[in-house]
Structures are given as structure tokens and as C-alpha cells.
Amino acid sequence: NPSTCFNLIQTLHALGWLAEADPAGPGRRYILGRGFVSLAHRTAARTSVLRDIMPRLQEYADRWKVTATIWQRQSLTRMELVAVASCQTAINVQMPVGQRLPILMGGMGRLMALRAELDEATFDAVFDSLRWDRPITREQFMAQARRAQRLGWGVDDGYMNRAVTALAVPVEPEPGRALEYVCSATMFRHQYASAVLPSLAEGLRPIADAVRAIVYTDPADDMP
């Protein structure tokens with residue numbers, strides 16, 4: 001619809017995401033504005049700096065013999081894998097960077113359930129679309145989410161995949177913002193007794209703190 005497109009363009013222009021290519025010329029043509037350029041610079045800078053986390057992520061993965069990951073929220077209902085370190089064992093859980101999962105899946109899903117600021121209709125739509133290896137009701141899921149809120153870490157014990165346990169800790173966001181990043185450890189189910197899982201979570205916290213220092217610092221702050 002032309003009028004809808006025009007309104008969208010005007011909104012993006014007002015926000016700085018689009019700029020007029022030639023304000024004095026005939027007609028109106030637009031190019032990417034400073035908003036997109038700034039976003040690209042920040043994203044590239046943070047992706048580069050996240051490489052500094054990889055030695056610590058790899059050390060954690062090797063120590064606990066798990067697959068250690070960092071996930072970022074990419075849309076209202078999806079999380080994307082942005083960093084992964086696999087343990088140096090003959091058999092491990094392989095996860096490719098760029099993989100996307102519904103926001104309520106895995107250990108991170110128990111954290112996101114109460115901190116992603118999803119309205120009830122969206123939450124219901126995402127939850128109803130999930131396919132579980134082990135059956136779980138919404139009531140059971142929310143009980144696990146509330147426990148994750150109390151403990152500060154969430155776990156999926158074979159519900160997403162019957163053979164896998166996934167544990168996650170939050171990367172605490174800036175005040176007033178919804179949760180955007182989590183650090184996670186994925187392992188074979190029953191690899192560790194339940195009593196050991198809190199230690200795995202505690203081991204992830206320093207990594208989550210380091211990620212927080214990166215993703216919530218504007219690269220422009222470090223420029224002269």
C-alpha cells in the first residue's frame with residue numbers, strides 16, 4: 001500500500017535511519033542514514049570484541065566437558081547463537097554459530113519466560129508452537145521459570161532434546177531493558193548429577209559479566 005510505505009519511510013527518515021539522497025533534486029530518493037551506519041559500526045565492534053571472550057569460553061568448555069555458548073535475542077521471539085566453544089573430546093554436542101531457536105527453548109527459555117517482556121498472546125503462540133522431546137505442561141514450564149528467577153540460572157533437563165541438558169545464566173541488561181543475552185552450557189543428559197549444576201552455573205557467571213561489559217558499552221565511548 002503506497003500510503004503505508006510512505007508513512008514507514010517518513011518514520012525511518014525522522015528517526016535517522018534513512019536520509020534523502022538529494023534534498024534539492026526532483027522527487028524523493030533515500031539512502032541509508034546515520035542510524036544504520038551507527039548500528040553497523042556497533043555490531044561490528046561488538047562482534048570483534050566478543051572474540052576476546054572466546055579463550056574464557058573455551059577454557060570453561062574444556063574444564064566441564066560441555067559446549068559453551070552465547071546467545072543474543074534477534075527478534076521478538078527468536079534467539080541466535082553468536083559464539084560457541086566445543087570441548088576437546090571425541091564426542092560432544094555440536095552447535096553452529098548463527099543457529100536460531102525459539103525464545104522459550106532450552107535453559108535460556110526459563111530465563112526469558114519472565115524477562116523477555118512478551119505479551120500473553122505472543123507467549124502463548126510461541127509456547128504452543130514448541131515441540132518437546134519430553135512432554136511438559138505450561139504450568140510445569142512456568143514453575144521451572146520461577147525457579148530460574150529465584151536461582152539466577154535456568155535449566156532444561158531433556159525437554160528440548162531427550163539426550164541433552166542445557167543450563168543458562170543471564171547477561172544482566174542495563175536498567176529498564178529486557179533480557180537480551182544469555183550464556184549457556186549444553187551437555188549430555190545425566191553427564192552431571194543435579195547437585196553439580198549450580199557449580200556449572202557459577203562458572204558461567206564471570207563469562208556473563210565479561211559479555212555484559214562488552215555489549216553494553218558504546219564503542220564511541222572509547223574513542224578520543
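The values are calculated or read from the model by the stated rules, or taken from the named source; none is laboratory data. Quick caveat: nothing in here was measured; it's all calculated off a predicted structure. All Cβ positions, even for glycine, are placed from backbone atoms using ideal geometry, and neighbour counts span all protein chains on display. Side chains included, ligands, DNA and RNA excluded: accessible areas come from the protein's heavy atoms. Shrake-Rupley method; radii C 1.70, N 1.55, O 1.52, S 1.80 Å.
Among the numbered criteria (1) in a loop (DSSP other than H, G, I, E, B); (2) open to solvent by 10 Å² or more (accessible area, probe 1.4 Å); (3) in contact with a helix residue (DSSP H, G or I) (Cβ under 7 Å, 6 or more places away or on another chain), which single criterion is violated by Arg162?
Going through (1) in a loop (DSSP other than H, G, I, E, B); (2) open to solvent by 10 Å² or more (accessible area, probe 1.4 Å); (3) in contact with a helix residue (DSSP H, G or I) (Cβ under 7 Å, 6 or more places away or on another chain) one by one, Arg162 breaks only (3).
Whether any residue in region 63-70 is charged (D, E, K, R), at pLDDT 95 or above and either in a helix (DSSP H, G or I) or out of contact with any helix residue (DSSP H, G or I) (no Cβ under 6 Å at 6 or more places or on another chain) (or both) is what I want to check. Write out each step before concluding.
Applying the first criterion (charged (D, E, K, R)) to region 63-70 yields 63, 65.
Restricting the remaining residues to those that are at pLDDT 95 or above gives 63, 65.
Cutting the leftovers down to either in a helix (DSSP H, G or I) or out of contact with any helix residue (DSSP H, G or I) (no Cβ under 6 Å at 6 or more places or on another chain) (or both) gives us 63, 65.
The answer is yes; a qualifying residue exists.
Take the conditions under 14 Å from the mean Cα position of the chain (by Cα) and either open to solvent by 30 Å² or more (accessible area, probe 1.4 Å) or modelled with pLDDT under 90 (or both) and apply them to Gln58. Does it pass?
No.
Matching residues to (1) more than 21 Å from Arg78 (Cβ to Cβ); (2) touching a Ser or Thr at 6+ places or on another chain (Cβ under 7 Å); (3) not in a helix (DSSP H, G or I):
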site: Val126; (1), (2), (3): no, yes, no
site: Gly176; (1), (2), (3): yes, no, yes
site: Leu179; (1), (2), (3): no, no, yes
site: Arg205; (1), (2), (3): yes, no, no
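Quick one: which residue in Glu80, Glu120 is without any contact (Cβ under 8 Å) to a residue 12 or more places away in the chain and under 21 Å from Arg177 (Cβ atoms)?
The conditions single out Glu120.
What do you reckon, is Leu167 within 17 Å of the chain's Cα centre (by Cα), part of a loop (DSSP other than H, G, I, E, B) and either modelled with pLDDT under 95 or not hydroxyl-bearing (Ser, Thr, Tyr) (or both)? First the steps, then the outcome.
On the way: within 17 Å of the chain's Cα centre (by Cα): yes; part of a loop (DSSP other than H, G, I, E, B): no; either modelled with pLDDT under 95 or not hydroxyl-bearing (Ser, Thr, Tyr) (or both): yes.
It is false that Leu167 is within 17 Å of the chain's Cα centre (by Cα), part of a loop (DSSP other than H, G, I, E, B) and either modelled with pLDDT under 95 or not hydroxyl-bearing (Ser, Thr, Tyr) (or both).
Residues being open to solvent by 60 Å² or more (accessible area, probe 1.4 Å) and modelled with pLDDT of 80 or more: count how many of those fall in region 1-31.
15
Would you confirm, using the coordinates I've provided, whether Val211 is in contact with an Asp or Glu (Cβ under 9 Å, 6 or more places away or on another chain), open to solvent by less than 30 Å² (accessible area, probe 1.4 Å) and under 21 Å from Ile70 (Cβ atoms)?
Answer is no for this residue.
Among the residues of region 43-54, is any at pLDDT 70 or above and over 23 Å from the mean Cα position of the chain (by Cα)?
no
Those residues that are in contact with a strand residue (DSSP E or B) (Cβ under 7 Å, 6 or more places away or on another chain) and aromatic (Phe, Trp, Tyr), I need them from region 115-157; list them, please.
Answer for region 115-157, where residues must be in contact with a strand residue (DSSP E or B) (Cβ under 7 Å, 6 or more places away or on another chain) and aromatic (Phe, Trp, Tyr): just Trp153.
Please determine whether any residue of region 129-144 is part of a strand (DSSP E or B) and either among the hydroxyl-bearing types (Ser, Thr, Tyr) or open to solvent by 70 Å² or more (accessible area, probe 1.4 Å) (or both). Write out each step before concluding.
Here is the first cut: in region 129-144, the ones part of a strand (DSSP E or B) are none.
Within region 129-144, not a single residue is part of a strand (DSSP E or B) and either among the hydroxyl-bearing types (Ser, Thr, Tyr) or open to solvent by 70 Å² or more (accessible area, probe 1.4 Å) (or both).
Tell me, please, whether a residue that is of a type outside the set (Gly, Ala, Ser), in a helix (DSSP H, G or I), within 18 Å of Met79 (Cβ to Cβ) and at pLDDT 95 or above can be found in region 208-223.
no
Confirm whether Val155 is hydrophobic (A, V, I, L, M, F, W, C) and more than 25 Å from Ala193 (Cα to Cα).
So Val155 fails the test.
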